[in-house]
Amino acid sequence: MVSARVMIWTAAVLAALGRFPSALWPLRPDEAGFLLVARAWDPQPDSMFGHFWVDRPPLIIALTRLSDWIGGPYFLRVIAALGCAVVVLSCAAAGRRLASYAGVSRPERVAAWTAWLALGLVSTAMVDAVSAKGEVLGIPLVAASCWLALEALIRPSWRCAALAGLLAMSAVGFKQNMVGGLVFGGVLLVVGALARRVTWPQAARLAGAALAGAAVPVVATLAWALAEGVRLSTLWYMVYGFRADAYETISTQPTAAPDERAGNLLMIFCVTGMALVVLWLLLNLPRVLGLLPVTACAVIAMLAVDAAGVVLSGSYWRTYLVILVPPLSLALATVLVADEFPPRRTLHRTLALMTRSVVVLTVLSSLTSLVEWTVNWARGQAPTEYWTGAAIGAAAEPGDTLVVYGGRADLQFASGLPSPYRHLWSLPMRTLDPGLKELRALLKGPDAPTWFVEITELDTWSETGTKPIEKELIQGYQAVGTACGQYRIYHLNEPEPTLLAVDCDDPWRAFLGHPW
């Protein structure tokens, strides 16, 4: 029989290998946007990053810049793949600690099944097996912080508490709503003290250590901002204040696209096995709360907060579901521990079989999604945005610039041309330039972009500035084609027409950006 340790490490290796689609596809919009921001990073008093505007903490841009310096544009995907392995190992370690603390005779068995559920959840192509976004980069820190929080409570250890706080807060530096590790550690400590698993003086020391650890990335960010001359009000608005304005923008715009994404998100939540894990946890909740009241409360609180972050986002992109991987893995771990203490032997076998069936179905769903993705790729699925950008870059002259209306930084990156417009994403554009006054002034001014691409139609959203923009395009630009039947491309008026050819059917045959 294969040992539990081999199963755990096999799951970790497969989690890293399960990111193989990321080696076979060009940069996605967020990845390309973060890379462009990182390469042009020039902090100013009114902008953390200089020319480009993005509502993300500086940590993710710093990692993108470091990764680019080490291994080029695609090296961040290697880091993400290794991070997925860390997620599996951390969830397994947390499951092992839960089982041993509860007195389970074979805690490695719980750890192994937890690892395989984490593998199934983190490797599914239905969510995203390609891009190295903030969610994928942050969940290894969240999972590790949960494991260390358990270690801190059970030993107890102030060092583990400090490191747990450090990792949990660092995850927020990759995506602002990734607070699951903080919630888990806080509830674990409070409920543990109430249940007398630790004394109140011990809880106070652990809380102080955790807060000290969590303060490190916060203090470091503030110190960096002050050293670079970035106003703290600017830092606050770009990281958090902007979200309120953005949410208002989303709520006042047409909801057809977000509503459609919400439906797709719900479907993916069910098909990937995530909904099955939640349902199985709820059905076993009385047993879990009876056997593991402290950890069960922490897991439930973490899952509830992370799920609320997904539901309240308003945008409903599928990668938001990645945030749920650590709490769902820990939720199943608590059920696995509860299965070891059944009221009757026959029931023990039935419950254990059903819990493990949840794991098997989740892994099979993930495997099926990867096979489907591979089949589509092998059939020659073409990245139209990449080829559109590449065609513009091939036709461009030295000194040319490009603006992509609608927010597709991957097209911008593929062109190799700089953008004189500060918005690489649509939501900041719609929120901070609602009347498109900045864009109109740019099109009329001396720095007007040589190329202009409508990735979406000008009247997609209800901004009042679309008619003037359309007028400026008609007067100052000539249409040179519609790429792949989707994207209108304009070029500044010239005596000689610009020829542009976009091969929309050519598959992208490359490995981490290198053609083969």
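The values are calculated or read from the model by the stated rules, or taken from the named source; none is laboratory data. Everything numeric here is computed off the predicted structure, so don't read it as measured data. Here the Cβ positions follow ideal geometry from the backbone for every residue, glycine too, while neighbour counts run over all protein chains shown.
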Item to check | Residues of region 380-423 that turn out to be of a type in the set (A, V, I, L, M), within 23 Å of P43 (Cα to Cα) and out of contact with any Pro (no Cβ under 8 Å at 6 or more places or on another chain), as a count | outcome: 1
Checklist entry - Among the numbered criteria (1) modelled with pLDDT of 90 or more; (2) closer than 27 Å to F269 by Cβ; (3) not hydroxyl-bearing (S, T, Y), which single criterion is violated by A396? => result (2)
Item to check | Subset of region 377-402 (residues that are of a type in the set (A, V, I, L, M), in a helix (DSSP H, G or I) and touching a residue at least 40 places away in the same chain (Cβ under 8 Å)) | outcome: A391, I392, A395
Checklist entry - What pairs come up if the first residue lies in region 256-271 and is under 15 Å from L312 (Cα atoms), the second is in a helix (DSSP H, G or I) and among the β-branched types (V, I, T), and their beta carbons are under 8 Å apart, counting only those six or more places apart or on different chains? => result P258/I250; L265/V310
Checklist entry - Would region 93-111 turn up any residue that is closer than 30 Å to G513 by Cβ and in a helix (DSSP H, G or I)? => result no
Checklist entry - What number of residues within region 39-62 are farther than 21 Å from A246 by Cβ and in a loop (DSSP other than H, G, I, E, B)? => result 4
Checklist entry - Do you know which residues across region 403-426 are touching a helix residue (DSSP H, G or I) at 6+ places or on another chain (Cβ under 7 Å) and not in a helix (DSSP H, G or I)? => result V404, G406, G407, R408, G416, L417, S419, P420, Y421, H423, L424, W425
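Yes or no, residue by residue, for (1) touching a helix residue (DSSP H, G or I) at 6+ places or on another chain (Cβ under 9 Å); (2) under 14 Å from P58 (Cβ atoms); (3) hydroxyl-bearing (S, T, Y):
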site	(1), (2), (3)
A168	yes, no, no
G181	yes, no, no
F184	yes, no, no
R196	no, no, no
L226	yes, yes, no
V230	yes, yes, no
Item to check | Enumeration of residues in region 393-436 that are charged (D, E, K, R) and over 17 Å from E248 (Cβ atoms) | outcome: E397, D400, R408, D410, R422
Next on the checklist: Checking the conditions here, which among I300, I323 is in contact with a Leu (Cβ under 9 Å, 6 or more places away or on another chain) and surrounded by 13 or more Cβ atoms within 10 Å (Cβ to Cβ)?
Outcome noted: I300
Checklist outcome for this item: If we keep only residues of region 475-487 that are within 21 Å of P507 (Cα to Cα) and in contact (Cβ under 8 Å) with a residue 24 or more places away in the chain, then the residue surrounded by the fewest Cβ atoms within 10 Å (Cβ to Cβ) is Q486
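Yes/no matrix, rows are residues, columns are (1) assigned by TED's automatic domain parsing to the domain that holds W425; (2) within 17 Å of V136 (Cα to Cα); (3) of a type outside the set (V, I, T); (4) in contact with a Leu (Cβ under 7 Å, 6 or more places away or on another chain):
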{"residue": "A16", "(1), (2), (3), (4)": "no, yes, yes, yes"}
{"residue": "S22", "(1), (2), (3), (4)": "no, yes, yes, no"}
{"residue": "W25", "(1), (2), (3), (4)": "no, yes, yes, no"}
{"residue": "L36", "(1), (2), (3), (4)": "no, no, yes, yes"}
{"residue": "R39", "(1), (2), (3), (4)": "no, no, yes, no"}
{"residue": "P43", "(1), (2), (3), (4)": "no, no, yes, no"}
{"residue": "F52", "(1), (2), (3), (4)": "no, no, yes, yes"}
{"residue": "A62", "(1), (2), (3), (4)": "no, yes, yes, no"}
{"residue": "I70", "(1), (2), (3), (4)": "no, no, no, no"}
Checklist entry - Can you pull out the residues in region 214-250 that are in contact with a Pro (Cβ under 8 Å, 6 or more places away or on another chain), among the aromatic types (F, W, Y) and surrounded by fewer than 16 Cβ atoms within 10 Å (Cβ to Cβ)? => result none
Next on the checklist: Out of the residues in region 138-183 meeting the condition of being of a type outside the set (A, V, I, L, M) and over 21 Å from the mean Cα position of the chain (by Cα), tell me which one is surrounded by the most Cβ atoms within 10 Å (Cβ to Cβ).
Outcome noted: C160
Item to check | Candidates V358, V403, V363, filtered to the one that is of a type in the set (A, V, I, L, M, F, W, C) and under 17 Å from D30 (Cα atoms) | outcome: V403
Checklist entry - Among R379, R408, which is among the basic types (K, R) and surrounded by 20 or more Cβ atoms within 10 Å (Cβ to Cβ)? => result R408
Item to check | Only listed residue being among the polar types (S, T, N, Q) and touching a Cys at 6+ places or on another chain (Cβ under 9 Å), chosen from T114, T124 | outcome: T114
Checklist entry - Consider P434 against the criteria (1) more than 19 Å from F34 (Cα to Cα); (2) not in a loop (DSSP other than H, G, I, E, B): it satisfies all of them except one. Which criterion is unmet? => result (2)
Checklist entry - When you scan region 63-78, how many residues do you find that are in a helix (DSSP H, G or I) and either within 16 Å of the chain's Cα centre (by Cα) or crowded, with 20+ Cβ neighbours inside 10 Å (or both)? => result 6
Next on the checklist: Just to verify a result, which residue in region 184-213, among those that are in contact (Cβ under 8 Å) with a residue 12 or more places away in the chain and not in a helix (DSSP H, G or I), is surrounded by the fewest Cβ atoms within 10 Å (Cβ to Cβ)?
Outcome noted: A195
